[in-house]
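Following: one structure in structure tokens, then a few remarks.
The values are calculated or read from the model by the stated rules, or taken from the named source; none is laboratory data. Fair warning: this is a prediction, and the values are worked out from it, not measured in the lab. Heads up, the Cβs are rebuilt from the backbone with ideal geometry, glycines too, and the neighbour counts pull from every protein chain shown.
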Amino acid sequence: MALNLSLDDAVQFVPGVGPGRAKAFAKLGISTVEDLIEHFPSRYDLTPKSTPIEDIEEGKVATLVGELRRLRNRGSLTKQRVTANLIDGTGECHIQWFHSPYLLDKLHEGQVVRLTGKVVVQEDKAKLTNPTWQAVDEAQDALEVDEDLWNPVYPATNQLTSVQIEKIIVNIIDDMAERIIEFLPSELQKRRKLPSRRLAILRYHKPLKQADVEISRHRIAYDEFLLCQLAVQTGRARARRARGATPLPRSEAVDARIRKRLPFKLTPGQDKVIEEICYDLARDVSMSRLLQADVGAGKTAVAVYASLVAVANRNQVAILAPTEVLASQHLQKLTSYLSDSRVNIGYLAGSLTKRQRTVALQEIRSGEIDIVVGTHALIEHAVDFHNLGLVIIDEQHKFGVAQRAALSAKGRRPHTLVLTATPIPRSLAMTIFGDLDASVIEDAPPGRQPIVTTLVTEELETRAWKFVSELIHSGQQAYIVYPLVDESETLPLKAATVEVTRLANEHLAGANVGLLHGRMKPAEKSQVMDQFRSGKIHALVATTVIEVGVDVPNATMMVIQHAERYGLSQLHQLRGRIGRGDLKSYCLLFSDSTNPKSTERLNILCHSTDGFHIAEQDLLMRGPGELLGTRQHGIPTFKAADINRDIHLLQQARDDAAEILRADPELKNSQHRELNRELNRRYAASQALMRTG
């Protein structure tokens, strides 16, 4: 009987779901029938084809097809077991199920069943314990089902098991597959040798052979990449066609004035990206540029240069930072560069008093402030700019796409410069930042010292702390990073608030040890950082609040406790806080993990200072969401595609998307009608936001 369902119907109307289970499905991101049939297995368990009982081997997983005999319920109320014998004409195998009395209502004497389990031999008798089972229809020859079975295992929740999800999907997939519309142009489908989308989805859930799984996944992954690339490329093209931005040209006189303000000579790498940025700023099309720079490569100086170009054109600049620590550091750098200039710098963050905030909002609104540095407070509705011409977003992955768009909406098509000190692997850049023009500072500022990175195991800790103490007492400073602020009852990890006292009394006795973490009030954080910069605090015990932006040239030691708990890119970021002065710097990765994979990961950091190589390795090991901080900050969610293993497929999809859009920029031709409809269904809500980075 055909189901009276459409792909757009709510999942609660699927047989076996209802309102209660619909809430559990919602936690998996499933709200419609289409979402449900695109909820693909994460893996498959193999049920091998049947083996005659006389040929089974001890210790191997075997599937047996035979007749049940002597079906019994044995044991006590607290230790029940159902036993039976299975006979297939070649031999006999003893079967037992523990804690499963309900099987007596489902199985019966003489029934033909298919059982799969691990073979154990006791007293020359074969036995299966707690095997999975499947009834063989009496009207069906047992050999008709005698094939390898690939049983799907689905991402699940505590309220909704994989088995329950499988039953619900299997019940509808044949009918619903008929409703799937093919949106790939037939020529493209043939050229890329892809199965129909309908068949791919059907076989993803119900593979007949192992090859079906990868063939189906390949097609669905290609679709995801193609639609993502179409969204990125159409958004980028639309942005480039949209005139109306204020041109911010740079003259030779302005260039000379800015360079005079900077207390150092810009590197060739910085000069190169400045030229790229200034070319964009001078046009009436909004700049959308991503500036990548490894830790310490000088992206802040480039941002300052761009800001002063905007101010020279009587436009305001907004610099958005993820934390007050980083925002205040930007403020201090700008203030030092522009101390005796006519450029007015403002600050807007949650720590301001009501009066300070009122004054700041008025000065931003009137245009009295030229450059305003701030945190999320800049995005609030009450913030109104007089003439916002340039938006600079630092550590952009810390912000949601909508937040970044909200700031840009406060101006008339302002130019946008997005900064990141987390090098973005090529595959990730194509999916997340493909709508941005990319600039990379490929050299480091002169004077950056190489950092010696060492893995410190438990037996080396005493020697390591002695070395740290000697360094501090010689006049240098150290960061000591812990993963927790306070001790946890569930996590056996050291915490900053506890260890700060112990270090001051033991390993670093005689040194002034300070504390910095995210729960402190902004004024307290500022006071601690000021004391550390001035040298009053010799060792700063901190959490990852010092991950980005903090710049203290006299700090030459970075100690990271429980280093195995961090991703490689985050460790590289932390390491980048040192090596900024003239002295040799050291990074000590403390880890008591005995996991070989943890050791392998940390050794990558010990042997490389190349941020792009480290980011590639981090992406391979942890995935894009972990690498950039969270999956909710503009990172496309793929159900089948994997940007690590499918990089060549991603490149194909990118090239195909470009070819399609060259021939049909608006996707109006008949062969692209369904493709355009699917693109709008998936990306209409976010496409405008994607252009903000």
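Determine whether region 4-23 contains at least one residue that is among the acidic types (Asp, Glu) and over 21 Å from Gln164 (Cα atoms).
Of all residues in region 4-23, those among the acidic types (Asp, Glu) come to 8-9.
Those still in the list that are over 21 Å from Gln164 (Cα atoms) too: 8.
Yes.
Please go through (1) under 51 Å from the mean Cα position of the chain (by Cα); (2) farther than 19 Å from Pro48 by Cα for Gly66 and return the number of the only condition it doesn't satisfy.
Result: Gly66 fails condition (2) only.
Rundown of residues vs (1) at pLDDT below 90; (2) surrounded by 18 or more Cβ atoms within 10 Å (Cβ to Cβ); (3) small (Gly, Ala, Ser); (4) within 23 Å of Asn151 (Cα to Cα), yes/no style:
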{"position": "Gly75", "(1), (2), (3), (4)": "yes, no, yes, no"}
{"position": "Gly91", "(1), (2), (3), (4)": "no, no, yes, no"}
{"position": "His99", "(1), (2), (3), (4)": "yes, no, no, no"}
{"position": "Glu123", "(1), (2), (3), (4)": "yes, no, no, no"}
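Mind telling me which of the residues Arg342, Arg357, Arg365 ends up being outside the structural domain of Leu574 (by TED's automatic domain parsing), among the basic types (Lys, Arg) and in contact with a strand residue (DSSP E or B) (Cβ under 9 Å, 6 or more places away or on another chain)?
The unique qualifying residue is Arg357.
Any residue that is of a type outside the set (Val, Ile, Thr), crowded, with 20+ Cβ neighbours inside 10 Å and at pLDDT below 85 - is there at least one of those in region 604-613?
Checked region 604-613: at least one residue is of a type outside the set (Val, Ile, Thr), crowded, with 20+ Cβ neighbours inside 10 Å and at pLDDT below 85.
With the checklist (1) farther than 18 Å from Glu54 by Cα; (2) buried (at least 17 other Cβ atoms within 10 Å of the Cβ); (3) at pLDDT below 90 in hand, flag the one item Ile172 doesn't pass.
Ile172 satisfies all of (1) farther than 18 Å from Glu54 by Cα; (2) buried (at least 17 other Cβ atoms within 10 Å of the Cβ); (3) at pLDDT below 90 except (3).
Which numbered condition trips up Gly350, out of (1) within 36 Å of the chain's Cα centre (by Cα); (2) surrounded by 15 or more Cβ atoms within 10 Å (Cβ to Cβ); (3) in a loop (DSSP other than H, G, I, E, B)?
Unmet for Gly350, out of (1) within 36 Å of the chain's Cα centre (by Cα); (2) surrounded by 15 or more Cβ atoms within 10 Å (Cβ to Cβ); (3) in a loop (DSSP other than H, G, I, E, B): (2).
Any idea which of Leu484, Leu493, Leu515 is surrounded by fewer than 19 Cβ atoms within 10 Å (Cβ to Cβ) and touching a residue at least 12 places away in the same chain (Cβ under 8 Å)?
Checking each option against the conditions leaves just Leu493.
Within the group Asn73, Asn85, which residue is in the same structural domain as Thr129 (by TED's automatic domain parsing) and either touching a Lys or Arg at 6+ places or on another chain (Cβ under 7 Å) or of a type in the set (Asp, Glu) (or both)? Working first, answer last.
Working: Asn73 fails: either touching a Lys or Arg at 6+ places or on another chain (Cβ under 7 Å) or of a type in the set (Asp, Glu) (or both).
Unique residue meeting the criteria: Asn85.
Cβ contacts < 8 Å: first residue assigned by TED's automatic domain parsing to the domain that holds Ser288 and in a loop (DSSP other than H, G, I, E, B), restricted to region 388-413; second residue modelled with pLDDT of 85 or more and acidic (Asp, Glu), any location; separation 6+ or different chain. Result?
Lys410/Asp384
Determine whether Ile560 is closer than 25 Å to Leu619 by Cβ, outside the structural domain of Lys333 (by TED's automatic domain parsing) and at pLDDT 90 or above.
On the way: closer than 25 Å to Leu619 by Cβ: yes; outside the structural domain of Lys333 (by TED's automatic domain parsing): yes; at pLDDT 90 or above: yes.
For Ile560, the condition - closer than 25 Å to Leu619 by Cβ, outside the structural domain of Lys333 (by TED's automatic domain parsing) and at pLDDT 90 or above - is met.
Would you please name the residue that is nearest to Asp55 (Cα to Cα), looking only at residues in region 84-114 that are among the polar types (S, T, N, Q) and under 49 Å from the mean Cα position of the chain (by Cα)?
My answer is Gln96.
Only one of (1) modelled with pLDDT of 95 or more; (2) closer than 19 Å to Leu417 by Cβ is not met by Ala321, so which one is it?
So Ala321 meets the others, but not (1).
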